[in-house]
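Working notes, beginning with the structure itself.
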């Protein structure tokens, strides 16, 4: 039986289980139920953690060292004389201070913040800036308006404020307090965006995204109305990108201030690493990798500096160590992101950075971006091995920033073609191929849900398919292609031809596509009074799908491809 006790860090042993989350200087270090190791204990000592609440066997001799009971008695003796004393309190100041502290606990996590807010002095500085900003009551009212409209947007804005304020000070930018105020209110325009759109548990449709984009100009106007003209441009321009790739005004780099260029990086990092209703949030290194992949859209010098400010260096970072050796980051540990494993470039050997920081990363030199092709090759490699866990890691990187339509055309179809070639040409084990297809099908079904939620059809088609075949991988893939072409598929069983023709008439289509495992009739085309029945085998569908690889979405037409396949079959 286990008992919860509080022990000094020197009494804690490997294999003890954390009984509470660990915080140090408002920073989250480790989660409850973590099994401690010698390395973790040593690192916690370096982080100046003096004691821990842990679960240990109830009959352990260490129970006698429980500090909690002794501390309870000490606190009672200490505070007893003060119970009747009352000091005047500024209610508004206390409310602002409480808002800062409670929100800070929601965002500050070592896995996201790294070295930022490492000291109490930094925390006190940011708190002082926050309280000074909200000395004017109308600003507090604006912030609470955002909080009550959309809690996530408020927390994200606060997160950007904290990260941006520390980073601006790190860069030595001028007028930090004004920038900090702009960062706190950069998303204030979200109060004009319908809550049903802000709370969607899926990616936005194009129309919905157009509505969300309005928060930049709406926020600008709202800040002007509230006499915040000096920061309104930060609300308007934080989604601009270099080379005119952003919105709302497609600005170029020389049209954006340094404060805006800093905000663009922080805003993206915060959004990616925060938990949302539709995703759990990226790890810091994955978020930084995405930013570096799109480095042409940002101030790359600021990106290097932000990584140095965080002290979290993504995998593939080329860095300079404090002993003047150059290295490339090989592995970032989830629990200790500031102490990665690096490969020494001159010696071609690997090492873990020591816990005592006797050797540490001094600065960022460069970042080597993995191309889409390289990640896709790793994805396929894991697919062939049927390693679903590692495969999903590469898959999540591939689909980031891809439109759902592109995911089908650029990932599923090429991956299927490679599996098909390996099986047919190189004679890969058939069972292994089937297992790989099952994994691919599972991912495809998840993607179908996304496509379905984003669905805006313009046409209808009738697919006559036996119920038993509808779970077939090729049918699922065909269904996703139909969604891409904005066609809603109606599935129906082949027994009742009268019902089929009635549905054709109702949907105002003159063709029904019969798909069978193998064709049992020689005739491919069957004219009917109400229209035409076209017959295909699963092998036909497979060939149609392969022919789509590399095709532009704009040039794609489902009807043309189906009929093209029919004519090519006749010629053969």
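Of all residues in region 335-360, which are within 26 Å of the chain's Cα centre (by Cα) and either assigned to a loop (DSSP other than H, G, I, E, B) or more than 17 Å from residue 316 (Cβ to Cβ) (or both)? 335, 336, 337, 338, 339, 340, listed by residue number.
In region 377-407, which residues are assigned to a loop (DSSP other than H, G, I, E, B) and more than 23 Å from residue 434 (Cα to Cα)?
Passing the criteria: 400, 401, 402, 403.
Report, by residue number, each residue of region 361-376 that is surrounded by 14 or more Cβ atoms within 10 Å (Cβ to Cβ) and part of a helix (DSSP H, G or I). Residues satisfying the conditions are 372, 375, 376. With the requirement that a residue be part of a helix (DSSP H, G or I) and more than 20 Å from residue 558 (Cα to Cα), what does region 506-525 give you? Of everything in region 506-525, just one residue is part of a helix (DSSP H, G or I) and more than 20 Å from residue 558 (Cα to Cα), namely 506.
Within region 520-532, can one find any residue that is within 22 Å of residue 549 (Cβ to Cβ) and buried (at least 16 other Cβ atoms within 10 Å of the Cβ)? No, region 520-532 has no match at all.
With the structure loaded, tell me whether residue 345 is surrounded by fewer than 17 Cβ atoms within 10 Å (Cβ to Cβ), over 24 Å from residue 110 (Cβ atoms) and in contact with a strand residue (DSSP E or B) (Cβ under 7 Å, 6 or more places away or on another chain) or whether it fails that test.
Yes, satisfied.
Screening region 450-472 for residues that are free of Cβ contacts under 8 Å to residues at least 40 places away in the same chain and assigned to a helix (DSSP H, G or I) and picking the one that is farthest from residue 380 (Cα to Cα) gives 467. Could you check, for region 325-334, whether at least one of its residues is farther than 21 Å from residue 264 by Cβ and touching a residue at least 60 places away in the same chain (Cβ under 8 Å)? Checking region 325-334: at least one residue is farther than 21 Å from residue 264 by Cβ and touching a residue at least 60 places away in the same chain (Cβ under 8 Å).
Where in region 168-236 are the helices (runs of 4 or more DSSP H), entirely inside, with at least 2 residues that are within 27 Å of residue 303 (Cβ to Cβ) and free of Cβ contacts under 8 Å to residues at least 60 places away in the same chain?
Where helices (runs of 4 or more DSSP H) fall fully within region 168-236 and carry at least 2 residues being within 27 Å of residue 303 (Cβ to Cβ) and free of Cβ contacts under 8 Å to residues at least 60 places away in the same chain, they are 176-184, 206-213, 215-225.
When residue 550 is tested against (1) at pLDDT below 85; (2) assigned to a strand (DSSP E or B), only condition (2) is not met.
Here region 13-30 is the region considered, the condition is being modelled with pLDDT of 85 or more and buried (at least 17 other Cβ atoms within 10 Å of the Cβ), and the residue that is farthest from the chain's Cα centre (by Cα) is 16. Residue count for region 284-323 under the criterion of being closer than 24 Å to residue 257 by Cα and part of a loop (DSSP other than H, G, I, E, B): the result is 3. Considering each residue of region 324-334, count those that are part of a loop (DSSP other than H, G, I, E, B) and more than 20 Å from residue 41 (Cβ to Cβ), and give that number. Matching residues across region 324-334 total 3. Where helices (runs of 4 or more DSSP H) sit wholly within region 78-158, those with at least 3 residues that are loosely packed, with under 14 Cβ neighbours inside 10 Å, modelled with pLDDT under 95 and not assigned by TED's automatic domain parsing to the domain that holds residue 268 occupy 91-107.
The values are calculated or read from the model by the stated rules, or taken from the named source; none is laboratory data. All values derive from a computational prediction rather than experimental measurement. We place every Cβ from the backbone using ideal geometry, glycine too, and count neighbours over all the protein chains shown.
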